[in-house]
Amino acid sequence: MRDQHGIQAESLVREYKGGIKAVDGIDLRIEPGEIYGFLGPNGAGKSTTVHMLTTLLPPTSGTARVAGFDIVKQGPQVRSAIGAALQEAALDPFLTGREHLRLQASLHGLSRDERKRRSTELLERVGLSLAADRKIKGYSGGMKRRLDLALALVHEPSTLFLDEPTTGLDPQSRTALWSEVARLAKGEGVTVFLTTQYLEEADVLADRVGIIHRGHIVAEGTPDELKAQIGRPTIEAVPADPDQREAIEELLLQFGTPTAGDPLSVSIRCESEADLADVIRALDAAGLHVAQIHMHEPTLDDVFLAKTGTSLEGAADEEELEAVSA
Amino acid sequence: MRTLSQVWEIAWRSIVRTMRQPAQIIPNVTFPLLLLAINSNGLRAATHLPGFPTSSFLDFFIPIAFMQGALFASGTAGVDLARDIDNGFLNRLALTPMRGVALLLGQLGGAVALGTIQAAVYLGVGIAAGVRFETGAAGAALLFVLAVLIALGFGTLGVLLALRTGSGEAVQSSFPLLFFLLFLSSMNLPRNLISIDWFRDLATVNPVSYMIEAMRSLVIEGWNAQALALGFLFTVLMIALGLAGSALSLKTRMART
């Protein structure tokens, strides 16, 4: 079903016991039919945001409208308009795929004929027709994710929430799911709110990306806009002789500022118009040897690093450590 | 109509998943039968006590099999719901237009189905082993109904525990407490023959005693209106309180807007 309203949120906050703010005043404006990638490490507030927008968790303060309905005052209307595949593909191991679809469709009030038609169509679409009558405990992770997506679509929602839909999937299943999500948005006009901790997923799939860190949106825009904010490329050199590391670092700093990278390498973000050839010439002139040298255009991880002071991978570790010590 | 249809769908799922776990059903059905076989032989000397109401300990003890079956059914209902909470299935259901009451009533479908199977097996085995109903076929049918209602009642307690704790392990560890109620009842002796005062007092204030005595009266006494009224009253009260407590806990557990 084509969405007409999109998603809007203003100063959305969710505070847990002890005053911990999992989401701390986020604003969202997502256009109908848009794929919005919500990027951040574990514990950044992505799932809490999804739970609020899908009405599963009341916000502590702030407002939001999904598919034209207020998430606090019009919970049932929001739930009728949305489909959601939450972080864990919560399925009953003792039911078959077809039985899951029957249950979900029935609870959404579809008639018997409509249930049959829709189940067959969705099973076909997600490639589970042959496995439809097998119990879930025999499904692979990818099959469970595909069924989860089919369940979210059973009542033809106008807005779809996907909470880390490809976590744990093999590359083939991941690509297949990306294609389906893109088709839903571009072909059917479904608004998609997708959380992910994969940079590539946000880069490839999302029309716009919001980067969330510790409950705050720290950057928002199309992937190209965000990368353009960083502007300069990064050069990363691996010394051939570890004793020359310091000298190489000193030389590279003439071309830019240091940035985080592999501990064995020296990384800088270019600040001048110099290109890789200039750097290689300078190294050669100084008699410094490198085993490898790369220049790469800014990535969303560079954006994340620039906005938060840590790489996405490092932030994930940090958030997990904090969660453990809490 | 919509709510009824939702109740049916949730109940259907609860029944299907229960029936597809034979490892859960078989011990639940057979363990009370084993205890019945052991006790009806091992404790039959109790029938020689002056004032013991029957000469057959099997007739006296058969209601305990129904009670134990009901307790096992409560564990099934509770653990299944706790698993749903733990793995996020409850969230999946909460995202549909399903009403809370449909979840509560439907979730008990598995407990009722298991209770029905157990009651049918115990009744069949009991009659085959020589149990004779003083109230005849009508009394046997009424005992069957009461046993299923008791399974439903204990099922509501299982659901309540699951909603309060959200953990299958917590539900299972609470299970012995329910069994404790059974042991502190008139399970092994009529209350008037319990000579230890504190035990008799506890059995007298324990509602489980009245559920047992209602079933027992149908087998060994004939139609005893007071025993039946008390048995049904406490069973209905347990169902009502269990459902009310579960409804309150569901509001906290499923905090959707």
If you take every residue apart from A:P258 with its C-beta less than 9 Å away from the C-beta of A:P258, what net charge results, scoring Lys and Arg +1 and Asp and Glu -1? 0
Rounded to the nearest 5, what % of the DSSP beta bridges within chain A are antiparallel ones? 65 percent
Using Cα pairs closer than 8 Å and at least 6 residues apart in sequence, work out the relative contact order for region A:232-297, in percent. 51 percent
From the alpha carbon gyration tensor of the protein assembly as shown, can you work out the equivalent ellipsoid semi-axes (sqrt of 5 times each eigenvalue) and give them in Å, largest to smallest? 63, 26, 21
Share of accessible surface on carbon and sulfur in chain B, whole %, 1.4 Å probe and ligands ignored, is 68 percent
Which ³J(HN,Hα) values in Hz, rounded to whole numbers, follow from the phi angles of region B:81-95 under the Karplus curve 6.51 cos²θ - 1.76 cosθ + 1.60, where θ = phi - 60° and Gly and Pro get x? 5, 4, 4, 4, 5, 5, 9, x, 5, 4, 5, 4, 5, 5, 7
Skip the ligands, DNA and RNA, and give the accessible area per residue of region A:232-297 with a 1.4 Å probe, whole Å². 59 Å²
In whole Hz, with x marking every Gly and Pro, tabulate ³J(HN,Hα) for region A:244-251 from phi via Karplus 6.51 cos²θ - 1.76 cosθ + 1.60, θ = phi - 60°. 8, 4, 4, 5, 5, 4, 4, 5
Computed [θ] at 222 nm, helices only, for the protein assembly as shown once each DSSP H run of length n ≥ 4 contributes -39500 (n - 2.57): -18500 deg cm²/dmol
Amide H contacts of B:T135 (H built 1.01 Å from N, under 5 Å, at least 5 apart or other chain): B:G222
Inter-part distance where region B:230-245 and region B:106-175 are each reduced to a Cα centre, Å: 14 Å
Reachable lysines from A:K46, Cα under 27 Å, same-chain residues fewer than 8 places away excluded? A:K17, A:K21, A:K73, A:K144, A:K186, A:K227, A:K307, B:K251
How large is the Kirkwood hydrodynamic radius of region A:7-220, in angstrom, based on all distinct alpha carbon pairs? 17.5 Å
I'd like to know which of A:L283, A:Y36, A:L253 lies farthest towards the positive end of the charge dipole of chain A, counting +1 on Cβ of Lys and Arg and -1 on Cβ of Asp and Glu. A:Y36
Is region A:17-90 best put as rounded, prolate or oblate by its Cα gyration tensor, with a ≥ b ≥ c the root eigenvalues, rounded for a/c under 1.5, and otherwise prolate when a/b is larger than b/c, oblate when not? rounded
Taking square-rooted eigenvalues a ≥ b ≥ c of the alpha carbon gyration tensor, is region A:198-295 rounded, prolate or oblate, where a/c under 1.5 means rounded and, failing that, a/b exceeding b/c means prolate? prolate
What net charge do the residues around A:T166 carry, taking every other residue with its C-beta under 15 Å from that of A:T166, with Lys and Arg at +1 and Asp and Glu at -1? -4
Within region B:169-257, DSSP-loop GluC sites (Glu not before Pro) with at most 12 other C-beta atoms within 10 Å are none
Note down the relative contact order for chain A as a percent, whole number, built from C-alpha pairs under 8 angstrom at least six residues apart. 21 percent
Amide H of A:A219: which non-local residues (sequence gap of 5 or more, or other chain) have their own amide H closer than 5 Å, using H built in the peptide plane? A:I211
In whole Hz, what ³J(HN,Hα) sequence does region B:116-132 give by Karplus (6.51, -1.76, 1.60; θ = phi - 60°), x for Gly and Pro? 5, 4, 4, 4, 5, 5, 5, 5, x, 5, x, 5, 4, 7, x, 5, 10
For chain B, shape from the Cα gyration tensor axes a ≥ b ≥ c, cut at a/c of 1.5 then a/b versus b/c, turns out prolate
Area buried, chain A against chain B - accessible surface, total, 1.4 angstrom probe, square angstrom: 2700 Å²
Give the average, rounded to an integer, of partner chain Cβ atoms located within 10 angstrom of each Cβ in A:86-94. 6
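The values are calculated or read from the model by the stated rules, or taken from the named source; none is laboratory data. Predicted model, so just to flag it, every value in this text is computed and none were measured. Note: ideal-geometry Cβ built from the backbone for every residue, glycine included; neighbour counts use all protein chains shown. What goes into the accessible areas is simple: the full protein's heavy atoms, side chains included, and nothing from ligands, DNA or RNA. Shrake-Rupley method; radii C 1.70, N 1.55, O 1.52, S 1.80 Å.
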